[in-house]
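This report concerns only the one structure given below.
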Amino acid sequence: MSKQFAIIGMGRFGSSVARTLYEMDYEVMGIDENEERINENIQYVTHAVAADSTDERALKEIGIRNFDVVVVAIGVDIQASILTVLTLKELGVKKIVAKAQNERHGQVLYKVGADRVVFPERDMGVRVAHNLISANVLDFIELAEDYSVAEVVVSSKLVGQNLRQLDIRRKYEVNVIAIKSGDKFNIAPSPDEVIQYGDVLVVIGNNKDLKAFEERA
């Protein structure tokens, strides 16, 4: 049986998450106290409910405990976000993912029971900044404070050589974990894999080392 998701807060972020999961054929419930938002997104979710997520009784009636993952995507109302996570935790929800406005908000969300906290605005800012530094960087995802994954379009000087010859791990102290070639995605490529024009390297490493690789590769 596939996972069931509930998305609380159907603003831009929440509706995007809900729609993506729905298009991937998962069961998704959209929850928002604003009926207009519910009506706007009703075709992109399996079920849609107008409810106050800080109301424990309302969440019980929805059957919120039955969902495998609940995403708290409430926007500007930090108090409602925190109270919602706290209520979900008290109701025994299996996994809670919450959107945070800033680091302090994120710390509080973890303290009241969130299993994972995401920072959409901050993370998008980081990605844009890395793309501005190097046009070769397609994406950049922070895994921890000092470690990230980056997608880097190969430069002409790498084309025609294999990974063994390039010796990226020794030269830059980053690891190539995959290569994207058009529609193909090669996970854990062999050292003899030859780099082609247009390939994208998926690399993981310390942020400082990734920066050096982005600038020189």
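The values are calculated or read from the model by the stated rules, or taken from the named source; none is laboratory data. Because the structure is a prediction, the values reported are computed rather than measured. We place every Cβ from the backbone using ideal geometry, glycine too, and count neighbours over all the protein chains shown. Protein only, heavy atoms only, side chains kept; ligands, DNA and RNA dropped before computing areas. Shrake-Rupley method; radii C 1.70, N 1.55, O 1.52, S 1.80 Å.
The condition of being within 22 Å of the chain's Cα centre (by Cα) and part of a helix (DSSP H, G or I) holds for T20. In summary, L166 fulfils each of the numbered conditions (1) at pLDDT 90 or above; (2) open to solvent by 60 Å² or more (accessible area, probe 1.4 Å) with the single exception of condition (2). Of all the residues in the range 141-165, those that are farther than 17 Å from I177 by Cβ and touching an Asp or Glu at 6+ places or on another chain (Cβ under 9 Å) number 1. Total residues in the range 147-179 satisfying the condition of being in a strand (DSSP E or B) and among the aromatic types (F, W, Y): the figure is 1.
Condition check ((1) farther than 29 Å from T84 by Cβ; (2) hydrophobic (A, V, I, L, M, F, W, C); (3) outside the structural domain of I78 (by the TED database); (4) modelled with pLDDT of 85 or more) across all residues:
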| residue | (1), (2), (3), (4) |
| --- | --- |
| V108 | no, yes, no, yes |
| D146 | yes, no, yes, no |
| N162 | yes, no, yes, yes |
| E173 | yes, no, yes, yes |
| D183 | yes, no, yes, no |
| P191 | yes, no, yes, yes |
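For the range 76-95, a residue qualifies if it is touching a strand residue (DSSP E or B) at 6+ places or on another chain (Cβ under 8 Å) and either among the hydrophobic types (A, V, I, L, M, F, W, C) or not in a helix (DSSP H, G or I) (or both), and the qualifying residues are V85, L88, V93, K94, K95.
Could you check the range 195-217 and list, in sequence order, the residues that are open to solvent by 60 Å² or more (accessible area, probe 1.4 Å) and part of a strand (DSSP E or B)? Step through it out loud before you land on a result.
Restricting attention to the range 195-217, the residues satisfying the condition of being open to solvent by 60 Å² or more (accessible area, probe 1.4 Å) are 196-197, 208, 211, 215-216.
The answer is none; no residue qualifies.
Could we say that K3 is touching a Leu at 6+ places or on another chain (Cβ under 8 Å) and surrounded by fewer than 22 Cβ atoms within 10 Å (Cβ to Cβ) here? In short, no. If N39 passes every condition in (1) open to solvent by less than 80 Å² (accessible area, probe 1.4 Å); (2) over 23 Å from the mean Cα position of the chain (by Cα) but one, which one does it miss? All conditions are met except number (1). Among the residues of the range 56-69, none qualifies, meaning not one is within 16 Å of M10 (Cα to Cα), charged (D, E, K, R) and surrounded by fewer than 20 Cβ atoms within 10 Å (Cβ to Cβ). Residues in the range 111-122 that are in a helix (DSSP H, G or I) and either surrounded by 16 or more Cβ atoms within 10 Å (Cβ to Cβ) or touching a residue at least 40 places away in the same chain (Cβ under 8 Å) (or both): V112, P120.
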